[in-house]
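Inspection log for the structure reproduced underneath, given as structure tokens.
The values are calculated or read from the model by the stated rules, or taken from the named source; none is laboratory data. Treat the numbers as computed from the prediction; the structure is a model and nothing was measured. Positions of Cβ are backbone-derived with ideal geometry, glycine not excepted, and every protein chain shown enters the neighbour counts.
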Amino acid sequence: MSEIPKLTLKKITKLNLPSILQLNVKPEQRNFVASNAKSIAEAHFNKDAWFRAIYANNKPIGFVMISDTLLKYKSNPNHRPSYYLWRFMIDAKFQGKGYGKEAMKLVINHVKNRPKAKELLLSHSKSYGNTGEFYKKCGFEYNGREIDDELLMSLKL
């Protein structure tokens, strides 16, 4: 396996938006994650959404979106924030090369540095071909709960 280039999380702007919208997972994975267009649209209507493009050097390779409730309730000093991995995708051309795991490290590090971050949650489909094994390799564990008919996983920070 060749060495993975340095990955970064970059804001999505009108300049890089077209290239982010062109990223796609493999056809058999499309039922597991919403398109980047839908995700970005949803983010603009949710005050708790934090989203970024995943770059390898200067090339966009993926997308991530987190629900960070501190963004929504920052004026409430009693709010106990929660962090939920809402969307995560790596373009089909870059899958199976270690980019996903390295990108997930960046996401986890971002959440670890958020105020009062104790855990990062996510859920995934129960269907065959789901992403559970990938998330387990990144340190997430099943917690025995479900949300919206998906299996819930958590990573203690």
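Observations on the structure shown:
- Subset of region 9-37 [under 26 Å from residue 70 (Cβ atoms) and touching a Lys or Arg at 6+ places or on another chain (Cβ under 9 Å)]: 9, 10, 11, 12, 16, 33, 34, 36
Table: residues versus (1) of a type in the set (Val, Ile, Thr); (2) in contact with a Phe, Trp or Tyr (Cβ under 6 Å, 6 or more places away or on another chain); (3) surrounded by 15 or more Cβ atoms within 10 Å (Cβ to Cβ).
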position: 11; (1), (2), (3): no, no, no
position: 26; (1), (2), (3): no, no, no
position: 32; (1), (2), (3): no, no, yes
position: 45; (1), (2), (3): no, no, no
position: 51; (1), (2), (3): no, no, yes
position: 54; (1), (2), (3): yes, no, yes
position: 62; (1), (2), (3): no, no, yes
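- Taking the numbered list (1) in a helix (DSSP H, G or I); (2) within 15 Å of residue 151 (Cβ to Cβ) in turn, residue 102 passes all entries but (2).
- Under the condition of being in contact with a strand residue (DSSP E or B) (Cβ under 8 Å, 6 or more places away or on another chain) and at pLDDT 90 or above, the residues counted in region 116-135 number 8.
- Within region 64-80, the set of residues being buried (at least 18 other Cβ atoms within 10 Å of the Cβ) and not β-branched (Val, Ile, Thr) comprises 65, 67, 68, 70.
- Residue ID - surrounded by the most Cβ atoms within 10 Å (Cβ to Cβ), chosen from residues in region 95-108 that are more than 23 Å from residue 69 (Cα to Cα) and of a type in the set (Lys, Arg): 97
- Wholly within region 109-157, strands (runs of 3 or more DSSP E) carrying at least 3 residues that are surrounded by fewer than 17 Cβ atoms within 10 Å (Cβ to Cβ) and among the β-branched types (Val, Ile, Thr): none
- Evaluation of residue 139 against the conditions (1) in contact (Cβ under 8 Å) with a residue 24 or more places away in the chain; (2) more than 17 Å from the chain's Cα centre (by Cα) shows that the sole unmet condition is (2).
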